[in-house]
Amino acid sequence: MKILVTGSNGFIGNHLMKKLVKGGFLVEGISRSKSATDYKTHCVDIRDFLPLKKIFRNGDFNVAIHLAGETSELDIITMFMSNVLGTLHFLECCRIYNVKKIIFVSGHNVYAPTSRLPISENSKLESSTSYGTTKILA
């Protein structure tokens, strides 16, 4: 099985990639920044559709895991472009290149405040942050 992970150099992405490699999966990562890794990393911004499309075209991925996202509340335009437009680019590439399984990771910021834990995917969507709003839009 061949897996593509966006945001592969982030905190969660880096740990996930190491676990997948250790599990014997063929993995490739996408990140805005390059770093030394035990797996193939493409240094691409998901807001740029054509380079992203090229990775998918050459990849033949069975699974695509979307972790990439901008979290800085100080730059809402960049956050919107990355989290909404970048996710659209990711999904379009998955559609074009027939990726069978897609995993989209978000965060608790998309859900209404609650004292009921754990939060489930069926919980009410209501964000009080720009980050959460862009994830809901995505």
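Assorted remarks:
- Seen against the Cα atoms of the chain and their longest principal axis, helix 86-96 is set at about 50 degrees.
- Positive contributions from Lys and Arg (+1) and negative ones from Asp and Glu (-1), summed over other residues with Cβ under 15 Å from the Cβ of THR87, come out at +1.
- Under conditions of 37 °C and 0.692 mPa s, the chain yields 211 µm² s⁻¹ as its translational diffusion coefficient, taking Rh as the Kirkwood radius over Cα pairs in the Stokes-Einstein equation.
- For the stretch 10-22, 3J(HN,Hα) computed residue by residue from phi via the Karplus equation (6.51, -1.76, 1.60; θ = phi - 60°) reads x, 4, 5, x, 4, 5, 5, 4, 4, 5, 5, 4, 4 Hz, glycine and proline entered as x.
- Prolate/oblate/rounded label for the stretch 61-113 (Cα gyration tensor, a/c 1.5): oblate
- The stretch 5-138 - charge dipole about Cα centre, Lys and Arg +1 at Cβ, Asp and Glu -1, debye rounded to 20: 440
- Per residue, the chain exposes 61 Å² of accessible surface when a 1.4 Å probe is rolled over the protein heavy atoms with every protein chain present.
- Alpha-carbon centroids, the stretch 46-65 and the stretch 100-138: separation in whole Å: 25
- By the Stokes-Einstein formula, at 1.567 mPa s and 4 °C, the stretch 24-65 with its Kirkwood radius over alpha-carbon pairs has D equal to 117 µm²/s.
The values are calculated or read from the model by the stated rules, or taken from the named source; none is laboratory data. Keep in mind that what you see is a predicted model, and the values were worked out from it rather than measured. Positions of Cβ are generated from backbone atoms using ideal geometry, with glycine treated the same way; all protein chains shown enter the neighbour counts. SASA here: full protein model, heavy atoms, side chains in, ligands and nucleic acids out. Shrake-Rupley method; radii C 1.70, N 1.55, O 1.52, S 1.80 Å.
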